[in-house]
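Presented below is the structure to which this report refers.
The values are calculated or read from the model by the stated rules, or taken from the named source; none is laboratory data. Quick caveat: nothing in here was measured; it's all calculated off a predicted structure. With ideal geometry, Cβ positions are generated from the backbone for all residues, glycine too; neighbour counts draw on all protein chains shown. SASA here: full protein model, heavy atoms, side chains in, ligands and nucleic acids out. Shrake-Rupley method; radii C 1.70, N 1.55, O 1.52, S 1.80 Å.
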Amino acid sequence: MSNRSQLYAPSLYWFRYQYYKGLMVGEESDSPETFTSIDIAWVQERYQTLLAAWGLKADLPLRDDSPSRHFELLQGVCPATERQRLGFSLKKPNCQGFIYPQVIHDCYALNWALQVPEKMGQDGYSCQELAQLNPQQCFLPISNSPLGDVGQTLLLTAYVAPPKPENPKELEAFAQGCLQGLVGENPPQPPPRLYRCYSLLGGYLFEYGDPDLGVQDNPYGHVLIWFFFDEEPTQILPQFYWQLIDLFLYYHKITKIFQDSRGFYRIADKLVDKNEAILKTVQKDYLRESKTGKLSELKLEELKGTLKQLLTTSLDYSKQLRNLEYSRNSIAINRSNYQAVLARMEQLAGGPLEAFRVFLEKEATGFETQIGADLNYFNQGSMLLNQGIATIRGLVDVDQAECDRDRYISEKEQYVKENQANQALEDQIQSIGVGIAAGAIVASASGLMTQGIPLPGEGDRDIPPPTLFILVLGLSVFCSWGSWKLAKNWIEKRREAEKSRVEGQTQESHEHPDSGDS
């Protein structure tokens, strides 16, 4: 049998991470969402699912030891210096392992290790037999994880018979076969493609799963297959294994945050397109028209509606910029944590671990740089949006002020005309009243005149009553008319003086639009 068809002493390590508190920003969220806890029962249930798949019956009581937030396995009493984990052994397949739950900062870290204690050259495994290490596909990511899913890494290590090939590409097909064996004959999704391969501690590490892609495009998460060609890596790996738990946590935090940031980018980009379309319409339909004259009342109302729409999208836009800034800061923090853990691992390993440093220097740095470039681009869009809002607000204010001033002057002139008409009628009534009063005074003496008035001269002649009546009546009419005429002329002169004063004020309003009347 070919040396490249067998692997020996395979070990499988499962690392699963879940936020239990803190801030989470989702693509559809208006703001970072704060949650305080995920029920510890979820952690218990996830482990029990794995135990059931392996046919193990182990009591796994977990205690949330607040405020230190560390889980303890209540399986007897262990010294505080020892890691509290649950070990187990199985006869079929012949393997042993341990379960180690813990909390790292704001995340649950679920860890399961399976090791086949065989010697190289004995009891080899084929790629298809690796399915025994993943019964019921229990180590594959689940689709119904609760809020705060961070990600998982599945690490397979195995001996491969020497000699070690000079080019790792010679083992790519074999590594792909091992991955196919892990996911089973009929996986729900095709296995992920090879992302990158590295040299690591004398062996080759094959990495599957693009860190740019989320769980929808990469349902199997982060998969690593590490081939050894001598026993040295198995002696070094236990030295830094516990740091691997932390390292993969920061790896997944960085990739998860970047994947979420792509959602914020898409939303912000759509808002930019929407805002630019609105501003182009405003420039075409309003700004150019305003050069030839002020806007109509109808278009002013339309422009006010456009301004409200831009203010709403501006708020949404600001939220996405805030989310991107939050993402960049979070990646910077977790990149620094990743670097510190990696430095500790290299110290424990006694040499460089370039395979893990590549992610730090390329993806993690590139993610942060990419979000920074996105922010620079969108900040320009934010400036354009704010300038457009200010321009539209100024246009509305200027044209609205002109419309209000014209309306005020028109209403004032109409008021003056109506007031003048009312005053003319009032003057006429007053004049007639004066005339009638004057006539009535004269007519009041007519009673004395009806008896006749003796005429001087010869004889005893009198002015006859009919003639006297006509004379009195004429005199009354003359007095009434004269009084009315005099009163009317006096009132008209007074009104003319008032009208001249009002017209002078109106003329001043036209010449000085910024005066108090406007």
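Annotations
- When region 201-221 is filtered for residues that are surrounded by fewer than 16 Cβ atoms within 10 Å (Cβ to Cβ) and without any contact (Cβ under 8 Å) to a residue 40 or more places away in the chain, the ones remaining, listed by number, are Gly202, Gln216, Asp217.
- Matching residues, region 201-223, being of a type in the set (A, V, I, L, M, F, W, C) and in contact with a Leu (Cβ under 7 Å, 6 or more places away or on another chain): Leu205, Phe206, Val223
- So Gln128, is it modelled with pLDDT under 90, open to solvent by 10 Å² or more (accessible area, probe 1.4 Å) and at positive phi: no
- Of all positions in region 222-230, none carries a residue that is free of Cβ contacts under 8 Å to residues at least 40 places away in the same chain and open to solvent by 10 Å² or more (accessible area, probe 1.4 Å).
- Residues being among the small types (Gly, Ala, Ser) and within 39 Å of the chain's Cα centre (by Cα) are entirely absent from region 158-166.
- Any hit, region 256-275, residues being under 27 Å from Glu368 (Cα atoms), at pLDDT 85 or above and in contact with a strand residue (DSSP E or B) (Cβ under 6 Å, 6 or more places away or on another chain): yes
- Within region 285-307, not a single residue is open to solvent by 80 Å² or more (accessible area, probe 1.4 Å) and at pLDDT 70 or above.
- Whichever residue in region 188-200 is in contact with a Phe, Trp or Tyr (Cβ under 8 Å, 6 or more places away or on another chain) and assigned to a loop (DSSP other than H, G, I, E, B) and, among such residues, is surrounded by the most Cβ atoms within 10 Å (Cβ to Cβ): Pro192
- Of all residues in region 163-175, at least one satisfies being within 13 Å of Trp226 (Cα to Cα), free of Cβ contacts under 8 Å to residues at least 40 places away in the same chain and not hydrophobic (A, V, I, L, M, F, W, C).
- Some residue of region 148-161 being of a type in the set (A, V, I, L, M), open to solvent by less than 60 Å² (accessible area, probe 1.4 Å) and farther than 29 Å from Thr255 by Cα: yes
- Residue check, Ile236 among the hydrophobic types (A, V, I, L, M, F, W, C) and more than 17 Å from Phe248 (Cα to Cα): yes
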